Every structure is written in C-alpha cells, then in structure tokens.
Amino acid sequence: MPISWSAKKQLSILAIFGAIIVLIVIGFIYYFIPEPTCFDNRKNQDEEEADCGGSCIPCSKNIKDLTILWSRAFPVRDGIYDAAAFLENQNQFLETKEFTYAVKLYDKSNILIAIRENSTFILPGERFIIFEPNIATLNRVPAKAILETRSVKWVKKNPEPLKINVQKISKFIEDESTSPRVEAEVKNAGTEDYQNIEAVAILRSSSDEVLGVSKTILDNLNINEEKTLTFTWPNSILGVDKVEILLRRVPK
C-alpha cells in the first residue's frame, strides 16, 4: 500500500530525531569518556596488564634491573678521591631522565666515610659510566666504592645509535714530566649535527684492571666534523695497556 504524504513526513522527522540522538550520544562519549591511556589504571587498549605492556611501558615483571658491572675509587690527592661505576641498561626500549643514586665510599673496616648523591639519565640498552669527581674523605682511605640505586622512572623509547667514530687514541700517561692525558680523535659519521656529548675515558691494565677514569663534554660536533677530545688526570698512572672511550648524547 502506498505510504501517505503525512506518514513520509513522520518517518523523516523520526529519522532526523534519531540522527540527533546518535550525534548527542557520540558527543557525550567523546567529551565525557576519556580515551584509553597508559595512566588510567585500566586495561582498556593493547596492554598486557593495566597501564603496562603493549603500547605502554613494559610491566614491572618484564623490566630488567640495572646491572652494576664494577665500581671503583681513585686517589686524586690526600683526602680527595674520584669514584666511578660502570652500569648496563639491559632494557633495549626503555630510557629515563630521572635516575637517582648515591655513591658511597667505605674504609677497610667497612665504615662509611663519604657519600655523594646525584642523578643522571639512562639511554635504551646502553653501557655507561657514572663519574663523581673530588669526593672528600677527611683523610681516610677508601677500600671500596659502592653505587646505590635510589629511584628510576622508565619511559618507552626506541634506541638512537650515536654515529660518532673514534678514529685514533693517543695516551700520555706515564711521563711524569707532562700532565697525564689521553687524546681521542672523533668524527661525526652521521647525518645530523650533535650537541652535548658526554665522553668518558677508561684506563685499563693488560689484565683488564680499571686504573683510572676521566670525563669531558663535547659541546657540538657537526656533520663530517672531526675534533680531538682531551682527558686529564692529576698524577701519572703506571701500567696502562689500553684505553676505552665511551660516548653518549645528553637528552634535550
């Protein structure tokens, strides 16, 4: 049976009214129901658990602890020591700008004689040095240095390899007539200019014992540019067989 003109009009009104209701509901959902995030205490996207896994940071059970490979104290002069620790971040896709720690020096009786608290950044999957210079020990001699981790706030991040080549290393360590130093020639082999590069030199004996550490900052290194880094020590160091150079970019 043909639909009357009045019935068609009513159907049109109902369709328009229904469309308005749908738009109102969609608007309500959009404005009043928040989009899923990694901070809403809910498992509402591709998470493995609430707010972790998937597109969020890995769940705590999957985050690997920092590995402290070694820590040392080095004499500078009477009552003053440098301390260094070598760490590894085994999390290949996690970084932090908020790693807080304490370096503690103990004497041969295992008595705490000095402490230095500080913070630094950690890049994805990197091995790096924490270096704390000129720690006063009130003329007591440290027998060991311990790095104590305090807190770390991980965020998800893809690794960005630093494309800087160390082309030549020259050491002038054992000659007491000159200031002990290491010179490292580096070149930017990447496709971008670099700024704020943290550079560390590690001195090792033939048996791989760590004999000294020094740190400097390279302010900038443009594409294809070559520069010489200089690392210094206050006293000559005997028995140095090899030098390792570590480079890392300070996050913006």
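The values are calculated or read from the model by the stated rules, or taken from the named source; none is laboratory data. Since this is a predicted model, take the numbers as computed values, not measurements. Cβ: placed from backbone, ideal geometry, glycine included. Neighbour counts: every protein chain shown.
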The condition of being farther than 19 Å from Lys97 by Cβ and touching a strand residue (DSSP E or B) at 6+ places or on another chain (Cβ under 9 Å) holds, among Ser179, Ser207, Ser151, only for Ser179
Residue list for the stretch 76-94, filter: modelled with pLDDT of 95 or more and in a strand (DSSP E or B) = Ile80, Tyr81, Asp82, Ala83, Ala84, Ala85, Phe86, Leu87, Glu88, Leu94
Condition test on Arg140, is it touching a strand residue (DSSP E or B) at 6+ places or on another chain (Cβ under 9 Å) and not in a loop (DSSP other than H, G, I, E, B)?
-> no
Given the conditions (1) of a type outside the set (S, T, N, Q); (2) surrounded by fewer than 14 Cβ atoms within 10 Å (Cβ to Cβ); (3) over 18 Å from the mean Cα position of the chain (by Cα), which single one is not true for Pro159?
-> (3)
The strands (runs of 3 or more DSSP E) lying entirely within the stretch 172-250 that contain at least 2 residues which are over 24 Å from the mean Cα position of the chain (by Cα) and more than 23 Å from Ile122 (Cα to Cα) are 181-188, 226-232
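Would it be correct to say that Leu123 is farther than 29 Å from Leu229 by Cα and modelled with pLDDT of 95 or more?
So Leu123 fails the test.
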Restricting attention to the stretch 141-165, and to residues there that are among the charged types (D, E, K, R) and modelled with pLDDT of 95 or more, which single residue is farthest from Ile113 (Cα to Cα)?
-> Lys163
How do the pairs read when you match residues in the stretch 91-103 that are within 11 Å of Val155 (Cα to Cα) with residues anywhere that are among the polar types (S, T, N, Q) and buried (at least 22 other Cβ atoms within 10 Å of the Cβ), using Cβ under 9 Å and keeping only pairs 6 or more apart or on different chains?
-> Glu95/Asn89; Thr96/Asn89
Could you figure out which of (1) in contact (Cβ under 8 Å) with a residue 40 or more places away in the chain; (2) within 20 Å of Ser214 (Cα to Cα) isn't true of Thr120?
-> (1)
Inspect the stretch 128-140 for any residue being surrounded by fewer than 16 Cβ atoms within 10 Å (Cβ to Cβ), on the phi > 0 side of the Ramachandran plot and touching a residue at least 60 places away in the same chain (Cβ under 8 Å) and give the result as yes or no.
-> yes
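A quick yes/no check of all residues on (1) charged (D, E, K, R); (2) surrounded by 15 or more Cβ atoms within 10 Å (Cβ to Cβ); (3) at pLDDT below 75; (4) part of a loop (DSSP other than H, G, I, E, B):
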| residue | (1), (2), (3), (4) |
| --- | --- |
| Ile13 | no, no, yes, no |
| Val22 | no, no, yes, no |
| Thr37 | no, no, yes, yes |
| Asn44 | no, no, yes, yes |
| Lys61 | yes, no, yes, no |
| Ile68 | no, yes, no, no |
| Phe74 | no, yes, no, no |
| Asn110 | no, no, no, yes |
| Ser119 | no, no, no, no |
Looking at the stretch 215-240, which of the residues that are without any contact (Cβ under 8 Å) to a residue 60 or more places away in the chain and closer than 20 Å to Ala85 by Cα is surrounded by the fewest Cβ atoms within 10 Å (Cβ to Cβ)?
-> Ile217
